[in-house]
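Since the structure comes first, as structure tokens, the remarks are kept for the end.
The values are calculated or read from the model by the stated rules, or taken from the named source; none is laboratory data. The model shown is predicted, which means the values in this text are computed figures rather than measured ones. A quick note on method: Cβ atoms are made from the backbone with ideal geometry, for glycine too, and the neighbour counts reach across all protein chains shown. Just so you know, the surface numbers come from the protein's heavy atoms only, side chains and all, with ligands and any DNA or RNA stripped out. Shrake-Rupley method; radii C 1.70, N 1.55, O 1.52, S 1.80 Å.
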Amino acid sequence: MTPSGAGKWERLAWSCFDIGSSSFTTVIVDLVFAVYFVRVICAHRIDATWLWTLALFASQAFVALSSPWIGAMADVLGCKKRMLFSAYAVCILSSLSLARMGEGDVWPSLITFAVTNISFSFADNLMAGFLPEITTFDSLGALSGWARSLGNLGSLANLLLVSPLLASGFTVSNAGRIQTALALTTLIYGLAGLPALLLLRERTEAVAGDLGQALRQATRRLGDSVPDVVRPGALRTFFASSLLCGAGATIVMVVVAIYAQMAIGMADTEQDLVLLAVQGGACVGAFLLGKVKDWIGSARTLQLVVLVWVVSSVALVCVQSKPLFWATAFLVGIGNGSLFAVSRAVMGLLSPATARAQYYGLWFVTGRVAAAVGPLLFGVLFQATHSFRLPMTIPLVCFALGFLILLALPSDRTQPAVARPPAMP
């Protein structure tokens, strides 16, 4: 029996959001707009990369600091769906504005991107908080993994759709086609999110009558939740491993394409095969290991996922041939797809029923900190050594430490729901 009578259409609608989310992340946040900004919008500037990283850091820092507050306010006001819709609408409008930016629109582009990234992150986090409300605890992994796999397929399809528009390169003369690619991705994001906004039900009951009371309640809840995160136990173990593994995964995903060219000798025309291998592995990993989590439990599945990352990190450092690198890229994809899918399900087990958005917000902080710290460490070591080989050992160290920490995670097969914290008032 699913919680609060959630049906298959509600679960399908929730899963569809991952299609838009994965496509949006790949094309607008991680890949296309980053290159478009550096090469076209800042065509005559030498500080483009610095400005781009500054916008990324500022938006990520804002999300990291505010996500727990947003989650706590959604819980105490009982308006998670309304806040989700607001973030979703702002993201679409700002992203469409982003698609209109051209050469010379440097600061408008940076400000608009920051708004887009922040609103997208809020929507993604709030949507994750619905997971434990629409399925049973024994099926969290399967639903999260299936949705993530569907999202990776959608991301791959979206890339194939916009590839002809990008074929002429990131040049000022091709700016119109690139803008069309950005607009198409925004349209896909908007359409993929509509079923969830129409069919998901608000199940959180408000415990505050006005904004002032809500702020006081949210502050108290956040203060009460900090000991849950820092004291020895399942939450601290999970958060610590998430921070380390998130940093390692971010490094690998950010540099794998560059590493393929610089260290393995991949040609530009072969980059599509690397991307295809990563996305294909992500689909397989999210789907299979999401189901495995429901069979053997959270602790063992997370350990298995991190072991996949350890093996792929070793392979990245050691392989020299292109065929072996493509196989390694597929393994990286398995780890990347399954890490988020399984972790999202585990967070559903660890979060109290009355504070799910808040606890997902706290977990979201670890991802944002990892996304900032991991590449920074890699960049510092690369700058010092001018070599890819030694910096690529950083992910291996992160995953090895994360695996050791996960050995202390209690099994939800021996105690219910991985020792979930008590419900909050």
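Odds and ends about this structure:
- Heavy-atom surface analysis with a 1.4 Å probe gives the chain a carbon and sulfur content of 70 percent of its accessible area.
- Rolling a 1.4 Å probe across all protein chains gives Met83 an accessible area of roughly 50 Å².
- Within the chain, helix-based [θ] at 222 nm, where runs of 4 or more DSSP H residues each add -39,500 (n - 2.57), nearest 500: -26000 deg cm²/dmol
- With the alpha-carbon atoms of region 335-406 aligned to their principal axes, the span from lowest to highest coordinate is 50, 21, 20 Å, starting with the largest.
- Accessible area expressed per residue, the chain, with surrounding protein chains retained (probe 1.4 Å, Å²): 41 Å²
- Which of Leu77, Val369, Val284, positive extreme of dipole for the chain (C-beta unit charges): Leu77
- Across the chain, the relative contact order, built from alpha-carbon pairs under 8 Å that are at least six residues apart, equals 27 percent.
- Candidates Thr185, Thr116, Thr26, ranked by Gaussian network fluctuation over the chain, Cα under 10 Å, top entry: Thr26
- Of the complete DSSP H runs in the chain, those spanning 24 angstrom or more by Cα along the long axis with a mean Kyte-Doolittle score not below 0.0 are 48-77, 80-98, 106-128, 140-166, 175-199, 234-259, 271-296, 298-318, 322-350, 356-385.
- Here the gap between Leu407 and His44, fully extended at 0.36 nm per residue and compared with their Cα-Cα distance, gives a gain of 125.5 nm.
- Counting only residues at least eight positions apart within a chain, or on another chain, the lysines with an alpha carbon under 25 Å from that of Lys81 are Lys8.
- Label positions at Ala58 and Ile111, each projected 7 Å from the Cα along the C-beta direction, are separated by 1.0 nm.
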